[in-house]
1. Which residue is surrounded by the fewest Cβ atoms within 10 Å (Cβ to Cβ), if the candidates are limited to region 213-249 and must be farther than 24 Å from residue 134 by Cβ and in contact with a helix residue (DSSP H, G or I) (Cβ under 7 Å, 6 or more places away or on another chain)?
2. With respect to residue 151, is the statement that it is touching a helix residue (DSSP H, G or I) at 6+ places or on another chain (Cβ under 6 Å), assigned to a helix (DSSP H, G or I) and closer than 26 Å to residue 217 by Cβ true?
3. Somewhere in region 160-174, is a residue in a helix (DSSP H, G or I), in contact (Cβ under 8 Å) with a residue 40 or more places away in the chain and surrounded by 16 or more Cβ atoms within 10 Å (Cβ to Cβ)?
4. In this structure, is residue 121 in a helix (DSSP H, G or I), within 14 Å of the chain's Cα centre (by Cα) and buried (at least 18 other Cβ atoms within 10 Å of the Cβ)?
């Protein structure tokens, strides 16, 4: 009995050790962490440099997925673009920093402008207009020349709940073991009895109060941006389902109408995703999130519009 227990114990320890090694090789154990905030609700913990799934994720001092930079321009000819959004532009753990639309834009804009360029990625998963508004009230506009906002149909009713953060989507502390992260955060997604993820889980339609609060926050955000920055652009992201049906959901229309009322240019991204799909390339990772191809498609749309508006 003693020998059998010893063998079982050694086997379990060896299995755990092997599992931990495999999990580390898969890139588990270093997720980017979030922190709660009294007005923003949550954002990425500042000053992180991690490699989930071996993808580089750098979070700067302001909780942005961007390189470090001073609040004020260090030289007068620097061109600054702030891009606000949620997981669509953030890319998540499956996207390396270099593959983000904002990184592509930062690499290509200097060739068009012949001047130094900063493109800041101000985003977090499931952020809506109230989160973005609270962020600029907290940090300001960083001497921006251009504000870009990427929104989806669901954002017209997306309001903060200030509930405790879900560790499977917004971890607040590093896992003690990479294996533990794999078991608790990712394994349930692939179990046969678990609901399959399709981008954003189904949620009931937003209440009237939520849509009013989200749209009021968006209006205030756009007005603040217009007051502080000369060039404000809104891009309306379409889900794969919306592209397939050829019709965006009602939130898209509401946001587009608000932008028109505020004299803000709003650009539909559905046609460029449809063009990519018709060409035989899939720009989606799931129903809503762009994959690396989608990030490049998004970057091209942003670049084309910014190039047009500077002339």
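The values are calculated or read from the model by the stated rules, or taken from the named source; none is laboratory data. Please read all numbers here as calculations on a predicted model, not as lab measurements. Because the Cβ atoms are built from the backbone with ideal geometry, glycine has one as well, and the counts that use them run over all protein chains shown.
1. Restricting attention to region 213-249, the residues satisfying the condition of being farther than 24 Å from residue 134 by Cβ are 238-249.
Subset that is in contact with a helix residue (DSSP H, G or I) (Cβ under 7 Å, 6 or more places away or on another chain): 238, 242-243, 248-249.
Working: 238: 25, 242: 22, 243: 22, 248: 22, 249: 17.
Step by step, filter region 213-249, then rank; the result is 249.
2. Considered against the rule, which asks whether it is touching a helix residue (DSSP H, G or I) at 6+ places or on another chain (Cβ under 6 Å), assigned to a helix (DSSP H, G or I) and closer than 26 Å to residue 217 by Cβ, residue 151 comes out as no.
3. So the first thing to find is which residues in region 160-174 are in a helix (DSSP H, G or I), and the list is none.
Within region 160-174 (the criterion being in a helix (DSSP H, G or I), in contact (Cβ under 8 Å) with a residue 40 or more places away in the chain and surrounded by 16 or more Cβ atoms within 10 Å (Cβ to Cβ)), the answer is no, since none of the residues qualifies.
4. On the way: in a helix (DSSP H, G or I): no; within 14 Å of the chain's Cα centre (by Cα): yes; buried (at least 18 other Cβ atoms within 10 Å of the Cβ): yes.
Considered against the rule, which asks whether it is in a helix (DSSP H, G or I), within 14 Å of the chain's Cα centre (by Cα) and buried (at least 18 other Cβ atoms within 10 Å of the Cβ), residue 121 comes out as no.
Residue-wise test of (1) surrounded by 18 or more Cβ atoms within 10 Å (Cβ to Cβ); (2) part of a strand (DSSP E or B); (3) in contact with a helix residue (DSSP H, G or I) (Cβ under 7 Å, 6 or more places away or on another chain); (4) at pLDDT 95 or above.
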residue: 13; (1), (2), (3), (4): no, no, no, no
residue: 24; (1), (2), (3), (4): no, no, yes, no
residue: 28; (1), (2), (3), (4): yes, no, yes, no
residue: 49; (1), (2), (3), (4): no, yes, no, yes
residue: 64; (1), (2), (3), (4): yes, no, no, yes
residue: 71; (1), (2), (3), (4): no, no, no, yes
residue: 98; (1), (2), (3), (4): no, no, no, yes
residue: 106; (1), (2), (3), (4): yes, no, no, yes
